[in-house]
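Working notes, beginning with the structure itself.
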Amino acid sequence: MSNRIDRCFRALKEQSRQALIPFITVGDPHPDWTAGIMHELVSAGANIVELGVPFSDPMADGPVIQEASERAIARGASLHRVLDTVREFRQRDADTPVVLMGYMNPLERYGHAAFARDAAEAGVDGVLLVDCPPEEMLELSPELQGKGIYPICLLAPTTTPQRMDIIARNAQGYLYYVSFKGITGASRLDQAGIAAPLEEIRKHSALPVAVGFGIKDAEAAAAVAKFADAVVIGSALVQALAASTSSTDAEQRARVFLAPVRKAMDNGRV
Amino acid sequence: MQSGDLLKRREVDREASPTTPMGSEPDERGHFGPYGGSFVPETLVHALEELKTAYLRWRTDEEFVARMDDDLARFVGRPSPVYFARRLTEAAGGAKILLKREDLNHTGAHKINNTVGQGLLAHYMGKTRVIAETGAGQHGVATATVAARLNKKCVVYMGEVDIARQSINVFRMKLLGAEVRAVSSGSRTLKDALNEAMRDWVSNIDDTFYIIGTVAGPHPYPTMVRDFNAIVGREARRQTLEQFGALPDALVACVGGGSNAMGLFHPFIMDRGVRMIGVEAAGRGLASGQHAASLCAGRPGILHGCRTYLIDNDDGQIQHTHSVSAGLDYPGVGPEHAWLKDTGRAEYVAVTDAEALSAFHQLTRLEGILPALESSHAVAYGLKLAAGMRPDQHVLINLSGRGDKDVPTVAELENISL
């Protein structure tokens with residue numbers, strides 16, 4: 001069984017294009033709107049969708065995603081609801097990979113085996129646990145992999161070459177390079193500064209490399225796409241969606257935000 | 001009899017105890033049984049490795065240890081006495097009640113033991129900036145104190161709710177030159193201050209040392225903070241032997257994150273005849289759901305870098321806690337406590353706000369000692385425990401801090417305007 005993520009990157013490679021990966025927090029601005037926003041993002045050029053699983057104590061996130069999580073939890077979002085959203089999305093989209101991004105405790109409560117089973121059944125392709133380095137994934141990884149779900153791993157500017165090997169051995173699908181030492185949404189991206197670390201990462205792994213944290217607009221995305229295989233854009237999109245007044249409004253905002261990013265990335269290619 | 005090596009001191013503690021080892025040291029990755037570990041974003045992994053290496057190196061360095069001992073003796077004022085509370089004992093009508101007087105330390109609580117150690121470590125690691133989270137403000141004050149002395153920039157994160165109820169400590173930190181940053185996310189208490197300090201650390205990893213105030217967080221913090229506080233237990237063990245010719249029959253300490261309790265308990269772990277009892281905050285009662293008793297009423301999960309008992313709902317969202325004492329108002333607990341609970345070596349109980357307040361008054365009136373509201377929880381349970389024991393037995397209560405900071409809170413609770 002081949003994972004949608006592999007198929008996605010294979011297809012993009014043939015076209016010499018880079019993946020655009022928008023991140024949204026499930027349940028914000030409203031739990032009922034999330035699946036609709038996902039479809040709109042795909043139609044505006046997203047190749048993979050990352051869904052933030054709301055958590056009460058998101059220690060790696062900046063204020064935008066913290067507040068989105070708080071709003072989502074207040075409106076009843078939960079890991080169960082996240083899986084419902086994926087099921088709803090899959091009714092109309094069988095191909096676009098979906099990756100869940102979040103923290104360990106909701107998954108602990110759900111139960112590792114139950115989560116792997118339900119997530120696979122719902123149509124989840126990858127799981128990125130922000131507070132779980134590979135050393136702590138020894139129990140969870142086999143559960144996920146047994147159901148064909150890829151563990152997506154983070155790499156940071158502080159990751160040593162030795163650790164890159166450890167992470168590369170555990171990761172599947174793609175590697176996610178955190179572009180600077182900081183939290184999500186901070187504006188410290190040094191576009192030129194990512195070239196060297198990406199070159200180093202590629203010595204340790206043949207997986208595609210996505211870059212995220214601090215990419216705010218089309219221009220930054222296009223610049224990063226020159227070096228990376230994929231661009232993740234989160235806080236700026238979450239911010240753009242936050243004030244939506246209806247599902248139609250939210251979908252409109254998603255399209256207006258993402259379409260220019262796609263265009264800039266595709267125009268930027270040589 | 002003090003060896004110039006923190007590691008050897010632990011072995012000395014152990015040899016002195018004629019019992020079988022029970023493995024209270026974590027594995028290399030900081031696991032106490034299924035608890036502990038290092039659940040952190042990738043950016044922090046390297047910093048924690050660096051910290052672990054530095055700690056392992058400096059804790060066996062003679063100069064480092066000598067400097068720390070000198071600070072503890074002449075700056076903090078150690079050893080703190082073990083005091084026989086005669087009138088309190090009479091009131092309980094059972095075992096003799098002894099108080100380990102951590103309230104007499106410089107800055108007024110056990111927290112300084114740890115900040116002296118971590119502050120010095122930050123200095124030896126060449127870090128120019130220290131950050132901390134604080135609940136009651138005691139750890140913030142203790143951090144600001146060592147930062148002033150070591151000439152480090154200092155930022156303390158504190159929840160808005162706690163800033164309101166601990167205004168004296170907030171001002172003390174500012175007097176000491178620290179910047180106090182109000183945290184307005186989540187429940188606006190200690191747990192959110194910890195999140196915010198973590199975010200600061202991730203963002204300023206190169207020049208910043210994060211001085212965690214309790215035995216929680218990712219490895220090596222639970223072990224390191226325990227080791228720095230273990231002087232409490234080492235002294236208490238020696239003092240009770242010297243003064244009373246026997247080890248105490250029971251140790252009682254309050255548990256929020258659990259650093260004062262862990263510091264007291266650890267040197268006694270091999271003394272199987274010594275009961276160890278941690279007292280959590282039952283707030284308005286365990287049944288009310290408004291409490292902070294993660295060991296008594298929570299379940300294992302993952303928070304702030306470690307697997308431990310915590311208070312969450314069925315979706316895994318961490319819940320708001322309640323305690324009259326800001327220092328106990330935390331939904332998690334140190335992972336070694338979780339392990340001591342599961343193995344049965346320590347027992348954990350909870351007392352309510354009302355019981356703690358009553359003990360606060362009792363100790364103040366009977367002994368002329370005004371305890372912190374945190375420590376009042378230990379006093380409350382110590383009284384109950386002593387009442388059911390024989391007069392030739394000893395209960396040692398860790399009086400972890402003084403209550404000056406809580407005077408406005410107590411006045412407000414009793415509708416007295418100051």
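Each row is one residue, and each column tells you yes or no for (1) touching a residue at least 60 places away in the same chain (Cβ under 8 Å); (2) out of contact with any Cys (no Cβ under 9 Å at 6 or more places or on another chain).
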{"position": "B:226", "(1), (2)": "yes, yes"}
{"position": "B:236", "(1), (2)": "yes, yes"}
{"position": "B:249", "(1), (2)": "yes, yes"}
{"position": "B:256", "(1), (2)": "yes, yes"}
{"position": "B:261", "(1), (2)": "yes, no"}
{"position": "B:279", "(1), (2)": "yes, no"}
{"position": "B:288", "(1), (2)": "no, yes"}
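Going by the conditions given, is residue B:170 within 14 Å of chain A (Cβ to nearest Cβ) and not in a strand (DSSP E or B)? Spelling it out, it is not the case that residue B:170 is within 14 Å of chain A (Cβ to nearest Cβ) and not in a strand (DSSP E or B). Pairs linking a residue in the stretch B:28-53 that is without any contact (Cβ under 8 Å) to a residue 40 or more places away in the chain and facing chain A (nearest Cβ under 8 Å) to a residue that is buried (at least 24 other Cβ atoms within 10 Å of the Cβ) and part of a strand (DSSP E or B), with Cβ atoms under 8 Å and 6 or more positions apart or on different chains, are B:42/A:153; B:42/A:154; B:42/A:155; B:42/A:178. Taking helices (runs of 4 or more DSSP H) as the structural unit, those lying wholly within the stretch A:76-152 and holding at least 2 residues that are at the interface with chain B (Cβ under 9 Å from one of its Cβ atoms), farther than 27 Å from residue A:20 by Cβ and of a type in the set (D, E, K, R) correspond to A:104-110.
Applying the criterion of at least 2 residues that are crowded, with 24+ Cβ neighbours inside 10 Å and of a type outside the set (Gly, Ala, Ser) to the helices (runs of 4 or more DSSP H) found wholly in the stretch B:323-418 leaves B:335-343, B:353-367, B:373-387. Would you confirm whether any residue within the stretch B:197-213 is touching a Pro at 6+ places or on another chain (Cβ under 8 Å), within 14 Å of another protein chain (Cβ to nearest Cβ) and buried (at least 20 other Cβ atoms within 10 Å of the Cβ)? For the stretch B:197-213, residues touching a Pro at 6+ places or on another chain (Cβ under 8 Å), within 14 Å of another protein chain (Cβ to nearest Cβ) and buried (at least 20 other Cβ atoms within 10 Å of the Cβ): present. Residues that are on the phi < 0 side of the Ramachandran plot, buried (at least 24 other Cβ atoms within 10 Å of the Cβ) and within 14 Å of chain A (Cβ to nearest Cβ): does the stretch B:113-132 have at least one? Looking for residues that are on the phi < 0 side of the Ramachandran plot, buried (at least 24 other Cβ atoms within 10 Å of the Cβ) and within 14 Å of chain A (Cβ to nearest Cβ), one finds at least one in the stretch B:113-132, hence yes.
When you go through B:299, B:275 one by one, which is the residue that is touching a strand residue (DSSP E or B) at 6+ places or on another chain (Cβ under 9 Å), basic (Lys, Arg) and more than 14 Å from chain A (Cβ to nearest Cβ)? Give the steps one after another, and end with the answer.
On the way: B:299 fails: more than 14 Å from chain A (Cβ to nearest Cβ).
Only one candidate passes the filter, namely B:275.
If you go through the stretch B:79-100 and keep only what is open to solvent by 20 Å² or more (accessible area, probe 1.4 Å) and part of a loop (DSSP other than H, G, I, E, B), you end up with B:79, B:81, B:93.
Any residue in the stretch A:159-168 that is crowded, with 16+ Cβ neighbours inside 10 Å, within 13 Å of chain B (Cβ to nearest Cβ) and either touching a residue at least 60 places away in the same chain (Cβ under 8 Å) or under 25 Å from residue A:235 (Cα atoms) (or both)? Yes.
Could you check, for the stretch B:167-175, whether at least one of its residues is open to solvent by 20 Å² or more (accessible area, probe 1.4 Å), closer than 25 Å to residue B:226 by Cβ and touching a residue at least 40 places away in the same chain (Cβ under 8 Å)?
Within the stretch B:167-175, the subset open to solvent by 20 Å² or more (accessible area, probe 1.4 Å) is B:167-168, B:171-172, B:174-175.
In the following step, the residues that additionally are closer than 25 Å to residue B:226 by Cβ were identified as none.
No: zero hits.
In the stretch B:102-109 there is no residue that is in a strand (DSSP E or B) and surrounded by fewer than 22 Cβ atoms within 10 Å (Cβ to Cβ).
Residue pairs whose Cβ atoms lie under 9 Å apart, sitting 6 or more positions apart in sequence or on different chains, and linking a residue in the stretch B:322-337 that is at positive phi to a partner that is assigned to a helix (DSSP H, G or I), do not occur here. Of the candidates B:295, B:264, the single residue that is within 12 Å of the chain's Cα centre (by Cα) and either at negative phi or acidic (Asp, Glu) (or both) is B:264. Scanning the stretch A:227-251 for residues that are of a type outside the set (Gly, Ala, Ser) and either touching a residue at least 24 places away in the same chain (Cβ under 8 Å) or in a loop (DSSP other than H, G, I, E, B) (or both) yields A:227, A:229, A:231, A:232, A:233, A:237, A:238, A:239, A:241, A:245, A:251.
Within the stretch A:100-126, residues that are more than 18 Å from residue B:314 (Cα to Cα) reach partners that are acidic (Asp, Glu) and open to solvent by 40 Å² or more (accessible area, probe 1.4 Å) with beta carbons closer than 9 Å, at six or more positions or on different chains, in the pairs A:117/A:143; A:122/A:84. Inspect all residues belonging to the stretch A:212-226 and state whether any of them is part of a loop (DSSP other than H, G, I, E, B), of a type in the set (Lys, Arg) and within 17 Å of the chain's Cα centre (by Cα). Looking through the stretch A:212-226, at least one residue is part of a loop (DSSP other than H, G, I, E, B), of a type in the set (Lys, Arg) and within 17 Å of the chain's Cα centre (by Cα). On inspection, residue B:163 passes the criterion of being more than 14 Å from chain A (Cβ to nearest Cβ), of a type in the set (A, V, I, L, M), buried (at least 19 other Cβ atoms within 10 Å of the Cβ) and part of a helix (DSSP H, G or I). Of the residues screened, residue B:162 is one that is touching a helix residue (DSSP H, G or I) at 6+ places or on another chain (Cβ under 7 Å), more than 15 Å from residue B:231 (Cα to Cα) and acidic (Asp, Glu).
Which one of the conditions (1) of a type outside the set (A, V, I, L, M, F, W, C); (2) in a helix (DSSP H, G or I); (3) open to solvent by 20 Å² or more (accessible area, probe 1.4 Å) does residue B:222 fail to meet, given that it meets all the rest? If we test residue B:222 against (1) of a type outside the set (A, V, I, L, M, F, W, C); (2) in a helix (DSSP H, G or I); (3) open to solvent by 20 Å² or more (accessible area, probe 1.4 Å), just (3) comes out false.
In the stretch A:124-140, how many residues are under 18 Å from the mean Cα position of the chain (by Cα) and closer than 13 Å to residue A:112 by Cα? Before you say what the answer is, go through the steps one by one.
Step one: list which residues in the stretch A:124-140 are under 18 Å from the mean Cα position of the chain (by Cα), which gives A:124-134.
Imposing the further condition that a residue be closer than 13 Å to residue A:112 by Cα reduces the set to A:127, A:129.
Total meeting the criteria: 2.
Here is the figure for the stretch B:251-275: residues that are in contact with a Lys or Arg (Cβ under 7 Å, 6 or more places away or on another chain), more than 21 Å from residue B:402 (Cβ to Cβ) and buried (at least 21 other Cβ atoms within 10 Å of the Cβ) total 4.
Just a yes or no: is a residue in the stretch A:179-188 more than 14 Å from chain B (Cβ to nearest Cβ) and open to solvent by less than 40 Å² (accessible area, probe 1.4 Å)? Within the stretch A:179-188, none of the residues are more than 14 Å from chain B (Cβ to nearest Cβ) and open to solvent by less than 40 Å² (accessible area, probe 1.4 Å).
For residue B:194, indicate whether it is part of a helix (DSSP H, G or I) and either within 30 Å of residue B:181 (Cα to Cα) or basic (Lys, Arg) (or both). So residue B:194 fits the description; yes.
Based on what the data block shows, is residue A:45 within 22 Å of residue B:310 (Cβ to Cβ) and outside any helix (DSSP H, G or I)? First the steps, then the outcome.
Details: within 22 Å of residue B:310 (Cβ to Cβ): no; outside any helix (DSSP H, G or I): yes.
Considered against the rule, which asks whether it is within 22 Å of residue B:310 (Cβ to Cβ) and outside any helix (DSSP H, G or I), residue A:45 comes out as no.
One residue stands out in the stretch A:54-75 among those that are facing chain B (nearest Cβ under 9 Å) and among the aliphatic types (A, V, I, L, M): the one that is farthest from residue B:198 (Cα to Cα), namely A:73.
The values are calculated or read from the model by the stated rules, or taken from the named source; none is laboratory data. A quick note: this is a predicted structure, and the numbers were derived from the prediction, not measured. Cβ sites come from the backbone with ideal geometry, for glycine too, and all protein chains shown count toward neighbours. These area figures cover heavy atoms from the full protein model, side chains too; ligands, DNA and RNA do not enter into them. Shrake-Rupley method; radii C 1.70, N 1.55, O 1.52, S 1.80 Å.
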